[in-house]
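Take a look at the structure below.
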Amino acid sequence: MQNEIMGFISYLHNVKKKSSNTELSYKRDLCKLQSYMEERGIHSFAEITSADLHAYVSYLNDNHFASATVSRNIASIKALYQYLLAEGIVSENVAEELKAPRIEKKLPEILTMEEVVCLLNQPSGDSIKEIRDKAMLELLYATGIRVTELITLSIHDLNLQMSFILCRDSNKERLVPFGKEARAALVRYLEKARDQLLGGMPQDVLFVNCSGQPMSRQGFWKLIKYYAKKAGIQADITPHTLRHSFAAHLVENGADLRSVQEMLGHSDISTTQIYANMNHNRIREVYAKAHPRG
């Protein structure tokens with residue numbers, strides 16, 4: 001089974017051009033399936049029946065995995081079996097009848113504009129670390145890019161003169177503008193902090209840690225948690241919270257969904273639609289509170 005899984009992951013990488021995070025997610029899900037089947041004496045995908053797969057889904061539900069996790073596992077299994085069938089490794093697609101559970105979509109956590117300002121103002125000192133942190137937070141909120149995109153940005157992806165960055169997502173590229181606050185923070189970082197952090201080492205990545213190496217996701221996660229606590233923000237925020245806040249604030253202030261979709265890099269506008277729905281909900285709340293007959 002391991003060989004087939006790795007062949008599938010290779011297919012995702014070379015043919016489908018999936019991101020490394022997507023590949024890891026598929027691999028994790030399928031290795032979990034492999035362990036379950038092998039514990040029951042099943043050692044090849046050709047041996048697995050439709051009943052075996054339904055039993056596996058029941059096992060996930062019985063062990064209280066979240067609906068989103070179960071749904072993602074089912075999607076991974078379905079994608080794998082489509083590959084196995086196309087490669088002639090199995091003679092029938094026993095995953096075809098698997099149905100994902102209904103997922104209740106939760107509205108994303110967003111910060112108010114006041115909270116964002118308070119968060120961005122936290123790294124206000126003159127240390128090289130605070131100068132870097134300020135630039136990273138300002139750019140994240142100014143562009144709405146993903147944290148992976150932020151920490152992998154190259155110095156060559158930054159155009160200060162035109163105030164935009166070039167983002168690469170899988171096999172796609174997009175230009176995202178940023179404003180004067182982010183530009184000022186970036187200029188300060190490049191002039192006063194980056195070379196000191198690098199310590200003479202060559203490095204293409206825009207943001208580096210105190211050892212002159214690229215920032216890690218975990219490092220940035222700790223950074224944003226630290227400044228959120230310092231700002232007195234009660235919500236349990238993550239780097240993605242600033243991405244959601246960026247989009248929600250744009251829509252709230254009149255930006256059209258197509259433009260927001262392009263900046264976020266969403267392939268489907270229905271993903272972006274959630275921010276418009278949030279804005280409609282907020283308008284209804286304001287009306288209910290303010291209208292004399294609301």
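The values are calculated or read from the model by the stated rules, or taken from the named source; none is laboratory data. Here the structure is a predicted model, which is why all the values come from computation and not from measurement. Reconstructed Cβ throughout: ideal geometry from the backbone, glycine too, with neighbour counts over all protein chains shown. SASA here: full protein model, heavy atoms, side chains in, ligands and nucleic acids out. Shrake-Rupley method; radii C 1.70, N 1.55, O 1.52, S 1.80 Å.
If I model a spin label at Asp195 and Arg102 as a point 7 Å from the Cα along the Cα→Cβ vector, what separation in nanometres do I get? In this crude label model, Asp195 to Arg102 measures out at 6.2 nm. Available extension along the chain between Ser154 and Asn253 is 32.6 nm, counting 0.36 nm per residue and deducting the alpha carbon span. Structure note, pairs Lys18/Lys172; Lys134/Lys230; Lys129/Lys229; Lys129/Lys230; Lys129/Lys222; Lys18/Lys222: Cα-Cα distances above 20 angstrom occur for Lys18/Lys222. Among Asp62, Asp52, Asp133, which one moves the most in a GNM of the chain with springs linking Cα atoms closer than 10 Å? Highest fluctuation of the listed residues: Asp62. When each of the peptides 235-244, 222-231 is scored by how many other beta carbons lie within 10 Å of its residues on average, the order from highest to lowest is 235-244, 222-231.
As a length-normalised measure over Cα pairs under 8 Å and 6 or more apart, the relative contact order of region 1-160 settles at 16 percent.
Over region 105-178, Cα pairs under 8 Å with separation of 6+ residues give a relative contact order of 18 percent. For region 167-232, what log10 I(q)/I(0) values come out of the Debye formula at q = 0.15 1/Å, with one point per alpha carbon and no solvent? Evaluating at q = 0.15 Å⁻¹ gives log10 I(q)/I(0) of -0.69.
Of all the accessible heavy-atom surface of region 57-215, with the other protein chains kept in place and a 1.4 Å probe, what percent is carbon and sulfur? List each step's numbers first, then the result.
Numbers: 4290 of 8620 Å².
Summing carbon and sulfur atoms, their accessible area is 50 percent of the total for region 57-215.
Computed from the Cβ-Cβ distance with R0 of 30 Å, the FRET efficiency linking Ala86 to His64 stands at 0.30.
The angle between the Cα long axis of helix 128-143 and the longest principal axis of the Cα atoms of the chain comes to about 70 degrees, rounded to the nearest 10.
Taking Cα atoms only, the orientation of helix 217-230 departs from the longest principal axis of the chain by about 50 degrees.
For the chain, a Gaussian network of Cα nodes joined below 10 Å ranks Tyr189, Tyr56, Tyr141 by mean-square fluctuation, and the top entry is Tyr56.
Averaged per residue, what accessible area in Å² does the chain show with a 1.4 Å probe, protein chains only?
So the chain comes to 56 Å² accessible per residue, rounded to a whole number.
In whole percent, what relative contact order does the chain give with Cα contacts below 8 Å and a gap of six or more residues? After rounding, I find 16 percent.
With respect to the chain, whose longest principal axis is taken over its alpha-carbon atoms, helix 20-39 is tilted by about 30°. Using only the Cα atoms of the chain, each taken as one equal point scatterer with no solvent, compute I(q) by the Debye sum, divide by I(0), and report log10 of the ratio at q = 0.12, 0.15 Å⁻¹. Debye output, listed in q order: -0.94, -1.18. FRET efficiency for the pair Ser25 and Gln161, taken as 1/(1 + (r/R0)^6) with r the Cβ-Cβ distance and R0 = 35 Å, rounds to 0.40. For region 6-84, just say rounded, prolate or oblate: build the C-alpha gyration tensor, square-root its eigenvalues into a ≥ b ≥ c, call rounded for a/c under 1.5, and beyond that prolate if a/b exceeds b/c, oblate if not. Oblate, since a/c reaches 1.5 and b/c is not below a/b. I'd like the FRET efficiency for Glu114 and Cys210, computed as 1/(1 + (r/R0)^6) with the beta carbon distance as r and R0 of 25 Å, rounded to 0.05. Step by step, r from the Cβ atoms, then E = 0.20. Over region 59-178, the hull volume per residue, using the convex hull of the C-alpha atoms, is 196 Å³.
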